[in-house]
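Working notes, beginning with the structure itself.
The values are calculated or read from the model by the stated rules, or taken from the named source; none is laboratory data. Remember, predicted model here, so these are calculated numbers, not experimental data. A quick note on method: Cβ atoms are made from the backbone with ideal geometry, for glycine too, and the neighbour counts reach across all protein chains shown. Surface accessibility is based on the protein's heavy atoms, side chains included, excluding ligands, DNA and RNA. Shrake-Rupley method; radii C 1.70, N 1.55, O 1.52, S 1.80 Å.
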Amino acid sequence: MEKWRHVFKLDPDKEIGEEALEGLCESRTDAIIVGGTTNVTFDNTIDLLARIRRHAVPCALEVSNVDAIVPGFDVYFIPLVLNAQNPEWILNAHVKGLEEHGPFINWKDVYVEGYVVCNENSSVARLTESRADLDEDKIKAYARLADQMLKLPIFYIEYSGIYGDVRKVQAAHKVIHNSRIFYGGGISGPEQAAEMAEWADTIIVGNIVYEDIEQALATVSAVKK
Ligand code: 1GP
């Protein structure tokens, strides 16, 4: 995780053909994250893991539903939505997860992601009731919260569904010392991938995988020289 520059995020609730999946797994991306916001279940998560496991690429689960925690991933990401206004998504869901799974967790494989949700029209913003209108000063404050105050390994700037404002990623980059900056949202080709990768440590490519597989694949070499 510490060296990942490029990641594809696949949603267990969406269909992906064998050829496309093979292309993604063999693309030289650093990893595949399995994650989504709605209709993520144990069954669709384990099905997707089994298909990805035919390839050598590292595979991470981004946990969004305590009932869909599947063993066997290389890495587990736990989102902590820093600008959520619904307390369920700040820590209540995490406590529920720990009540159930606490004794079985291998903490060296677990990374908490300090999320800031920046697209108010995304499903994740609606679900978490996130206050998404963040100017650069607010982004810097959240970045310091994640990095200096909470010492989280990851600060995730999430624009899910739309391409974000690169100045906000730059703002976070200026103040962060240790957390890795993840950027995800609306990357639809190599130019956008390269633009965000200049300031983010890791870029996450999601939806375009389902819309234009060639453009999705072209984002890998744009980031990994
Ligand atoms: C979503 O950050 C990821 O959680 C990627 O966003 O689907 O818009 O590429 P897109």
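D13 passes every criterion in (1) over 28 Å from E129 (Cα atoms); (2) touching a residue at least 12 places away in the same chain (Cβ under 8 Å) apart from (1).
Report yes if F77 is touching a strand residue (DSSP E or B) at 6+ places or on another chain (Cβ under 8 Å) and either of a type in the set (F, W, Y) or at negative phi (or both), otherwise no. The answer is yes for F77.
Residues are listed down the side, and each one gets a yes or a no for (1) modelled with pLDDT of 95 or more; (2) farther than 22 Å from A60 by Cβ:
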site: N106; (1), (2): no, no
site: D109; (1), (2): yes, no
site: Y115; (1), (2): yes, no
site: R126; (1), (2): no, yes
site: Y142; (1), (2): yes, yes
site: Q148; (1), (2): yes, yes
site: L152; (1), (2): yes, no
site: I157; (1), (2): yes, no
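Among the residues of region 85-96, those identified as touching a strand residue (DSSP E or B) at 6+ places or on another chain (Cβ under 8 Å) and surrounded by 14 or more Cβ atoms within 10 Å (Cβ to Cβ) are W89, I90, H94.
Scanning region 23-40 for residues that are surrounded by fewer than 20 Cβ atoms within 10 Å (Cβ to Cβ) and modelled with pLDDT under 95 returns T37, T38, N39. Taking region 59-75 as the range and being at pLDDT 95 or above and open to solvent by 50 Å² or more (accessible area, probe 1.4 Å) as the test, only D74 passes. Report whether or not E26 is among the acidic types (D, E), within 19 Å of V116 (Cβ to Cβ) and over 15 Å from the mean Cα position of the chain (by Cα). The answer is no for E26. G189 meets each of the listed conditions (1) open to solvent by less than 20 Å² (accessible area, probe 1.4 Å); (2) within 12 Å of the ligand (Cβ to nearest atom); (3) within 17 Å of L10 (Cβ to Cβ) apart from (3). When region 192-209 is filtered for residues that are within 9 Å of the ligand (Cβ to nearest atom) and open to solvent by 30 Å² or more (accessible area, probe 1.4 Å), only N207 remains. Considered as a group, the residues in region 155-166 that are of a type in the set (A, V, I, L, M, F, W, C) and in contact with a helix residue (DSSP H, G or I) (Cβ under 8 Å, 6 or more places away or on another chain) include one that is nearest to the ligand (Cβ to nearest atom), and that residue is I157. Filtering region 176-186 to residues that are open to solvent by less than 10 Å² (accessible area, probe 1.4 Å) and more than 14 Å from the ligand (Cβ to nearest atom) leaves only S179.
Name the residues in region 103-140 that are small (G, A, S), within 12 Å of the ligand (Cβ to nearest atom) and either open to solvent by 90 Å² or more (accessible area, probe 1.4 Å) or touching an Asp or Glu at 6+ places or on another chain (Cβ under 9 Å) (or both), would you? Those that are small (G, A, S), within 12 Å of the ligand (Cβ to nearest atom) and either open to solvent by 90 Å² or more (accessible area, probe 1.4 Å) or touching an Asp or Glu at 6+ places or on another chain (Cβ under 9 Å) (or both): S122, A125.
Of the residues E100, E62, the single one that is among the charged types (D, E, K, R), in contact (Cβ under 8 Å) with a residue 40 or more places away in the chain and closer than 27 Å to R126 by Cα is E62.
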